[in-house]
Amino acid sequence: MSIQIAIDGPAGAGKSTVAKRVATRLAIPYIDTGAMYRSVTWSALQNNISLYDEQALVALVDNCDIQFIPGEPEQKVVLNGQEITTAIRTSDIGALVSTVATHALVREKLVQRQQQMVNTTLGVVMDGRDIGTHVLPLADVKFFLTASLHMRAKRRFDELVLKGYSGLYEDVVCFVAKRDELDETREASPLKKADDAVLLDTTALAIDEVVEMIIALCKYRQSQKRG
Ligand code: CDP
Ligand code: CDP
């Protein structure tokens, strides 16, 4: 099935987990746009570039070749030939990425890349913060995933504990809330539900339930499109 699916929402809503499974089920590519903002942030830190210097960040983006390479258990993120899949998932990058994402010119460049990455024959599942509103305004189906702050923070906390985190749950709540605030209040394409996106509150839903709901709606929309 060739279909373009946009998934947006705040941190911990389940976007990437659900997007990956939907992509596998429908056998279409998955593009993790958050990984692109994380890659630029990682590269800026490596190159001692200030996260507030928009011009320097734009020049950096021009020199960043970001590739998604299929792999198990997840696709690999490769920047200029170097695999950085795990390196971009640290809490340091998580704490800084939203600052990089505030710059309009950085966004413009990355959005252009994201649009070019879409395979119009196969279709795509793309997740992020501005997919339905800016990157794929004409997507066949758009979803805005959300969940209560406490549930989203709990999901993040559980993930961090598995990685050895021994800090407080309350700190994770603050961290998630801060990132949401930055994403929702920035001037350049803030996190916002597209008018034509389907709102899915996943607070009380298991991953599989969300996946099934998304696939059901995608199939229905496709059957309507075919007439
Ligand atoms: O997976 P998680 O919710 O932690 O975040 P992510 O999807 O990896 O995105 C990290 C950050 O990149 C977000 O908090 C946003 O600041 C930024 N981002 C964005 O501004 N626009 C996108 N399309 C994707 C991510
Ligand atoms: O990409 P985003 O930040 O929106 O969230 P995620 O990284 O896909 O999900 C964060 C964590 O919550 C993952 O460990 C998921 O397995 C978990 N999750 C869940 O338990 N139930 C859901 N309905 C969605 C996600």
For segment 48-114 and segment 183-202, what is the separation of their C-alpha centers, rounded to whole Å?
21 Å
For segment 57-66, just list the computed ³J(HN,Hα) in residue order, Karplus coefficients 6.51, -1.76 and 1.60, θ = phi - 60°, integers in Hz, with x standing in for Gly and Pro.
5, 5, 4, 5, 4, 4, 9, 9, 9, 9
Using Cα positions and a limit of under 18 Å, work out the aspartates and glutamates in reach of Lys163, with same-chain residues fewer than 8 apart set aside.
Glu74, Asp92, Asp171
Exposure proxy order (Cβ contacts within 10 Å, fewest to most) of Leu105, Leu205, Leu168
Leu168, Leu105, Leu205
Checked the chain with the C-alpha gyration tensor, a ≥ b ≥ c its square-rooted eigenvalues, rounded below a/c of 1.5, otherwise prolate if a/b is larger than b/c and oblate if not; verdict oblate
From Cα pairs below 8 angstrom and at least 6 apart in sequence, can you work out the relative contact order of segment 68-227, rounded to a whole percent?
25 percent
Helical mean residue ellipticity (222 nm; -39500 (n - 2.57) per DSSP H run of 4+; nearest 500) of the chain:
-15500 deg cm²/dmol
In a Gaussian network model over the chain where Cα atoms closer than 10 Å are linked, find which of Asp92, Asp140, Asp130 has the largest mean-square fluctuation.
Asp92
Considering the chain as a Gaussian network with a 10 Å cut-off on Cα pairs, which listed residue, Thr86, Thr17, Thr33, attains the greatest mean-square fluctuation?
Thr86
Using the structure shown, select from Lys15/Lys192; Lys142/Lys225; Lys142/Lys178 the pairs with a Cα to Cα distance greater than 19 angstrom.
Lys142/Lys178
Everything considered on the Cα gyration tensor (a ≥ b ≥ c; rounded for a/c under 1.5, else prolate if a/b is larger than b/c, else oblate), segment 15-121 must be described as prolate
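All of the numbers you see were taken from the coordinates with simple rules; none came from a lab. What you see is a predicted model, and the numbers here were worked out from it, not measured in a lab. In this analysis, Cβ positions are derived from the backbone assuming ideal geometry, glycine residues included, and neighbour counts consider all displayed protein chains.
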